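Taken together, the values in this text are just the output of simple stated rules run on the coordinates, not laboratory data. All of these numbers come straight from a predicted model, not from anything done at the bench. Here the Cβ is made from the backbone with ideal geometry for all residues, glycine too, and neighbour counts use every protein chain on show.
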Amino acid sequence: MSDATVGEKRVPRIETARLILRAFENDDVRDVTFFTDPEVMRFIPRGAWKPEDVASIFPRLVARRSEEWRDVGYGMWAVVLKKTGAAIGHCGLQRLEDSDEIEVYYLLDKPYWNQGIATEATLAALRFAHERGLKNIVAVAMPENGASQRFMQKVGMKHVGHAQHYGLELVKYELPSTRDAKAESARVGGNPKA
């Protein structure tokens, strides 16, 4: 396995039990119809893409994700299902708007919900953050998005209140900085269906 090179930085390729997290590629455009699904994009501020716009929007997304890796050394991965090779979503780390915090973020195509795949991908991203010594890891969600809030708790994040980001009033969770590293390492390497 090789990492993808972006400028002078490498996008690490991470394998989990069922997934490969890798750099986005322009060819992934064939798999990203989930961006056009109103239910998948329900809690994303800009909402679903128009199907006719995917071909023009997606290359800009790929370029932006590459720039993030180059500029800060972390970013989003395409989430690829090993058994099919299809990109089924994305997951990773990004700077939280108007803060010095790093947001863990995920989005999966609807057929892959409730299978532990988001957990598997997110725990891999959190392990990457831990191994790189990244601090101030947070997650945000719209108050009405109970599923995301339960998910944040599932991956070990704690509710810290409300915050304004992306022009919205959001609930905020953070990864406790006092977490025992050994327990976290065991959890991250644990059952992918958790």
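Quick check on my filter: what residues within the range 19-44 are more than 17 Å from VAL80 (Cα to Cα) and surrounded by fewer than 11 Cβ atoms within 10 Å (Cβ to Cβ)?
PRO38, GLU39, listed by residue number.
Determine whether ARG64 is free of Cβ contacts under 8 Å to residues at least 12 places away in the same chain and under 17 Å from the mean Cα position of the chain (by Cα).
yes
Among the residues of the range 131-149, count how many are of a type outside the set (Val, Ile, Thr), touching a strand residue (DSSP E or B) at 6+ places or on another chain (Cβ under 9 Å) and more than 20 Å from ARG22 (Cβ to Cβ).
Looking only at that region, the number is 10.
Kindly indicate whether any position in the range 71-80 is within 20 Å of TRP113 (Cα to Cα) and assigned to a loop (DSSP other than H, G, I, E, B).
No: zero hits.
For the range 120-127, does any single residue satisfy the condition of being small (Gly, Ala, Ser), surrounded by fewer than 19 Cβ atoms within 10 Å (Cβ to Cβ) and touching a strand residue (DSSP E or B) at 6+ places or on another chain (Cβ under 9 Å)?
No, that holds for no residue.
For the range 17-44, give me each residue that is touching a Ser or Thr at 6+ places or on another chain (Cβ under 9 Å) and closer than 29 Å to PRO143 by Cα.
Within the range 17-44, PHE43 is the sole residue that qualifies.
Only residues that are of a type in the set (Lys, Arg) and either free of Cβ contacts under 8 Å to residues at least 12 places away in the same chain or under 29 Å from GLY167 (Cβ atoms) (or both): list them for the range 94-140, please.
Passing the criteria: ARG95, LYS110, LYS135.
Every residue in the range 116-170 that is among the hydroxyl-bearing types (Ser, Thr, Tyr) and closer than 18 Å to GLY89 by Cβ, please.
THR119, THR122, SER148
Scanning the range 93-119 for residues that are in a helix (DSSP H, G or I) and within 11 Å of the chain's Cα centre (by Cα), which turns out farthest from PRO45 (Cα to Cα)?
THR119
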